[in-house]
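The values are calculated or read from the model by the stated rules, or taken from the named source; none is laboratory data. This one's a predicted model, so the numbers in the text were calculated from it and none came from an experiment. Neighbour counts are summed over all protein chains in view; Cβ atoms, including those assigned to glycine, are modelled from backbone coordinates with ideal geometry.
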Amino acid sequence: MTSTTVSSRLPSLTGLRFVAAFCVLLEHLNIIAVFVPPARVSVSFFFVLSGFVLTWSSRPGDTYRSFWRRRFWKIFPNHTVSWALMLVILAVTGVSLVPGVLPPGPTPPLPAAANLTLLHSWVPTFDYMFSVNPVSWSLSSEMLFYLLFPALLPLVLRIPARRLALAAAGLVALAWLIPLVSLTFSGPALMPGLLQSQYWFAYFFPPARLPEFVLGMVLARMVIHGFTPRLGVALTGAATLVFLFVATAAGLPAPFMFAAVTLVPVALVVLGGASIDVRHARSFWGTRLMVFLGEISFALYLIHPLVNLAFNQLTQGRVRAALGDAGANVIVIALCLLAAWALYRAVERPLMRRFGSSRPAPAPAPAAPTAQGA
C-alpha cells in the first residue's frame, strides 16, 4: 500500500467519536430527536471519520493482508460478542427487536448468519437489515470500506493537492445524487413520503455510503497538505443543525436527510477537530476523559441496544415507575458505559494488542502541517 506519513495524533477526533456514539445511545433511549434522528448524522460522522483516520494513519510498506488483519480484529471480536449475547436475550425473552417491524422471538438462522458475517445490509428487507443487533448494519458499510481502502488509497494519493477541494466537492455532489436516484424507486411505503426501497438504498446499502468514506480520505490529505482552518467544533456542530433546519423548512424528501444534507457540516466538524490537534491547540474534546470515552465508543455503540433491552426485560417497568423515565435512563446510560468499558477491556483491547497491532515501522515523519490554506 502506498501512502504518505504524518506524525500528529488526533485526540480531539477520538473524543468526538464518543459524542457521536452517545448521540446514538440518547436517540435509542428516546431522549433526543431534533429534526432528523441524530443517530443518522452520527453514523455519517463515523463514515467520514473512518476514511480520514485510516488515511491519516496509513504507513508506507503496509500490506493489504496486514491492514485487513488489523481491521478484522478491531471489528469482529466486539461484533461477535454483542451478536451472541443479543441472540441469547432474544431467545430467552421472546421479544421483538423492532416492534411492529420484526416478529417477536429468536432471529431466524439466515438473517442471523448474514448479520454475523456483516452481509445483512446488502439485503433490502427489514428482517435482514435489523437482524440480531440492529446498530450493526453500519458495520456492513465499514467492511466494504476496509476491503476497498487498499485500492482507493493510491487513487486518492494521486490527486494533486491543488485539486483536493474540487475532489471533496465532487464527492459531496455524489452523495446528493444517491437520494436523487432513490426517488426513482417504487414499492410499498414505509411512512408518508418514504418508500422502503428508498430507505434501504439511501441509508443502508453499503455502496451508497462510500462517498462519505472517500470524502474523509480526501479531507485527511487536505490537512496533511496544510489545510488547518480554525473552525473549532462548536461552530461546525451548530452548522449541522442549521443545515437540517433549512432542509426541513424547504421540504426536501426524506432520503436527502439521511446523509446528503448534513455531509458538508459533518466534514467541517472532522476538519475542525483535526485542525485543533494539528495546531496543538487545547481542546475539551482531546482531554484524557474524552479520549478514554472515545476509546470505548465502538464498544458503547455495539453494546447499548443489548443493555437497554436487558434492562427493560429484567425490570419490567418497575424502575421506570419508581424513578420516572429520567431516573431510569440515567441508570441505563451508566450501565451502558460500564458494559462498554468491560467489552473494551476484556475483548477489544487485548485482542487488538495480541493479533491486530503489528505494522511496519513508520518512515521518518515530516513536521506536522500548521499553515492554513489549500
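Results, tabulated for the structure shown:
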item: Gly15, sole failed condition from (1) buried (at least 18 other Cβ atoms within 10 Å of the Cβ); (2) at pLDDT 95 or above; (3) farther than 21 Å from Arg279 by Cα; result: (3)
item: Considering residues of the stretch 84-135 that are within 20 Å of the chain's Cα centre (by Cα) and hydroxyl-bearing (Ser, Thr, Tyr) only, the residue surrounded by the fewest Cβ atoms within 10 Å (Cβ to Cβ); result: Thr117
item: From the options Leu164, Leu215, Leu195, Leu190, residue that is under 25 Å from Leu118 (Cα atoms), of a type outside the set (Phe, Trp, Tyr), buried (at least 17 other Cβ atoms within 10 Å of the Cβ) and over 22 Å from the mean Cα position of the chain (by Cα); result: Leu195
item: Residue within the stretch 168-187 that is over 24 Å from Val81 (Cα atoms), touching a residue at least 12 places away in the same chain (Cβ under 8 Å) and assigned to a loop (DSSP other than H, G, I, E, B) present; result: yes
item: Restricting the stretch 84-132 to residues that are in contact with a His (Cβ under 8 Å, 6 or more places away or on another chain) and not hydrophobic (A, V, I, L, M, F, W, C), the residue that is nearest to Pro207 (Cα to Cα); result: Tyr128
item: Filter result for Gly105 (over 15 Å from Glu142 (Cβ atoms), small (Gly, Ala, Ser) and either free of Cβ contacts under 8 Å to residues at least 12 places away in the same chain or in contact with a strand residue (DSSP E or B) (Cβ under 7 Å, 6 or more places away or on another chain) (or both)); result: no
item: One residue from Trp68, Trp56 being buried (at least 19 other Cβ atoms within 10 Å of the Cβ) and on the phi < 0 side of the Ramachandran plot; result: Trp56
item: Condition broken by Leu118, with the remaining ones in (1) under 27 Å from Phe355 (Cβ atoms); (2) in a helix (DSSP H, G or I); (3) without any contact (Cβ under 8 Å) to a residue 60 or more places away in the chain satisfied; result: (2)
item: Test for Ser50: is it of a type in the set (Gly, Ala, Ser), crowded, with 19+ Cβ neighbours inside 10 Å and touching a Gly at 6+ places or on another chain (Cβ under 8 Å); result: yes
item: Single residue of Pro206, Pro255, Pro265, Pro188 found to be within 26 Å of Ser140 (Cβ to Cβ) and either hydrophobic (A, V, I, L, M, F, W, C) or touching a Leu at 6+ places or on another chain (Cβ under 6 Å) (or both); result: Pro206
item: Filter result for Leu97 (modelled with pLDDT of 90 or more and in contact with a helix residue (DSSP H, G or I) (Cβ under 9 Å, 6 or more places away or on another chain)); result: no
item: Test: residue in the stretch 347-358 that is modelled with pLDDT of 95 or more, out of contact with any Leu (no Cβ under 6 Å at 6 or more places or on another chain), over 12 Å from Asn78 (Cα atoms) and hydrophobic (A, V, I, L, M, F, W, C); result: no
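Residues checked against (1) under 29 Å from Ile276 (Cα atoms); (2) part of a helix (DSSP H, G or I); (3) among the hydrophobic types (A, V, I, L, M, F, W, C):
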site	(1), (2), (3)
Pro60	yes, no, no
Arg70	yes, yes, no
Thr80	no, yes, no
Leu85	no, yes, yes
Pro104	no, no, no
Thr107	no, no, no
Pro111	no, yes, no
